[in-house]
Amino acid sequence: MIEYTIKIDNGVEMARIVEGNDVYEVPIPIGTLNKTEWVYNKVEEFKYYEMLQSQSLMVTYKDNVYMNGELVRTDINVMVDDAASVINQLIDAFPQYTEQDIKDNSNNVIGTYGNYRPPYNNNSISLYRFERPSQDLLNTYKCGNMYDNIILDWYGIKHDLSTLDISAKIVFKPEDCFTYFNNPPNINNTNSAFFARIHNVDGTFSDWVDMYVFETNAYMKEYCQSIGKPFPLPDNITQQCWIYSIIFNDVTGEINNVKGYIRQNLA
């Protein structure tokens, strides 16, 4: 149960919020009309960032990825026994891999997916490596000079099981997404957002971009409604997503959909 009291401290309206053993004292923004709604949203926001902090410490985990109210993908840490069948499937289709290659970093994550969103066309396997992409890898996908100092320290390799094509999903964080992109989504908090784009070995890259944002479920429900897209989680899941992805086309500005990630600790 959430309880709160309001006081004036040096001319600033403050809320003292109590939920169980948790106590928060925060200023109320000027002009806030529905203070009860604001308090409940603020508690959800605090709990969200507490959850993010705890999940950042997880080593063995799986992420269930939802879109349109359905589970569309599960990514799992490569060190977990449940990942073995996917690892073997990847090695069977792409024998240049060994189990040692895939597990060379205990933070690596593997998962299967279908054609649930553009630009994916066939059943595929993704392998996310938690290290900075090498210059050789960037040169292989002909994007060595595209990212410079905005590239982040992890990337995905996408394996199409039908065509046997391999592509790279490069993760990056521009200083200002509204000047870097032509048509980025207009969302509340762009300061913490990062992006990922798929590159092919022929030098082409997808117009579809993932914009990853850290937001509460309450805010993302309102956002999805504002853009006319379904909230990604089914009604029976009330757990807070640890991150969301907005899939947008940087040429046309179209938003294809929104994904929500639910993380489960397997330790």
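When residue 136 is tested against (1) loosely packed, with under 15 Cβ neighbours inside 10 Å; (2) in contact (Cβ under 8 Å) with a residue 60 or more places away in the chain, exactly one condition is not met: (2).
Residue-by-condition table, conditions (1) part of a loop (DSSP other than H, G, I, E, B); (2) surrounded by fewer than 17 Cβ atoms within 10 Å (Cβ to Cβ); (3) not basic (Lys, Arg):
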{"residue": "171", "(1), (2), (3)": "no, no, yes"}
{"residue": "175", "(1), (2), (3)": "yes, yes, yes"}
{"residue": "178", "(1), (2), (3)": "no, yes, yes"}
{"residue": "185", "(1), (2), (3)": "yes, no, yes"}
{"residue": "189", "(1), (2), (3)": "yes, yes, yes"}
{"residue": "195", "(1), (2), (3)": "no, no, yes"}
{"residue": "203", "(1), (2), (3)": "yes, yes, yes"}
{"residue": "210", "(1), (2), (3)": "no, no, yes"}
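May I ask you to verify whether residue 95 is touching a residue at least 60 places away in the same chain (Cβ under 8 Å), surrounded by fewer than 18 Cβ atoms within 10 Å (Cβ to Cβ) and of a type outside the set (A, V, I, L, M)? No. Scanning region 144-165 for residues that are assigned to a loop (DSSP other than H, G, I, E, B) and at pLDDT below 95 gives 144, 145, 146, 147.
Among the criteria (1) of a type in the set (A, V, I, L, M); (2) free of Cβ contacts under 8 Å to residues at least 60 places away in the same chain; (3) within 20 Å of residue 249 (Cβ to Cβ), the one residue 198 does not fulfil is (2). Of the residues making up region 185-208, those that are modelled with pLDDT of 95 or more and over 16 Å from the mean Cα position of the chain (by Cα) are 199, 200, 201, 202, 203, 204, 205, 206, 207.
As for region 155-168, it holds at least one residue that is of a type in the set (Asp, Glu), assigned by TED's automatic domain parsing to the domain that holds residue 253 and farther than 25 Å from residue 44 by Cα.
A single entry from 223, 219 fulfils the requirement of being surrounded by 18 or more Cβ atoms within 10 Å (Cβ to Cβ), at pLDDT 95 or above and assigned to a helix (DSSP H, G or I): 223. For region 171-186, the count of residues that are of a type in the set (A, V, I, L, M, F, W, C), within 23 Å of residue 140 (Cβ to Cβ) and in the same structural domain as residue 65 (by TED's automatic domain parsing) is nonzero. Looking only at residues in region 237-267 that are in contact (Cβ under 8 Å) with a residue 40 or more places away in the chain, more than 11 Å from residue 209 (Cα to Cα) and over 17 Å from the mean Cα position of the chain (by Cα), the one that is surrounded by the fewest Cβ atoms within 10 Å (Cβ to Cβ) is 267.
For residue 141, the conditions (1) of a type in the set (Phe, Trp, Tyr); (2) closer than 19 Å to residue 44 by Cβ; (3) more than 19 Å from the chain's Cα centre (by Cα) are fulfilled apart from (2). Within region 227-267, the set of residues being in a loop (DSSP other than H, G, I, E, B) and β-branched (Val, Ile, Thr) comprises 237, 238, 251, 252. Restricted to region 13-132, the set of strands (runs of 3 or more DSSP E) holding at least 3 residues that are at pLDDT 90 or above, in contact with a Lys or Arg (Cβ under 9 Å, 6 or more places away or on another chain) and basic (Lys, Arg) is empty.
In summary, residue 180 fulfils each of the numbered conditions (1) farther than 30 Å from residue 89 by Cβ; (2) under 18 Å from the mean Cα position of the chain (by Cα); (3) among the aromatic types (Phe, Trp, Tyr) with the single exception of condition (2).
The values are calculated or read from the model by the stated rules, or taken from the named source; none is laboratory data. This one's a predicted model, so the numbers in the text were calculated from it and none came from an experiment. Backbone-built Cβ (ideal geometry, glycine too); neighbour counts: all protein chains shown.
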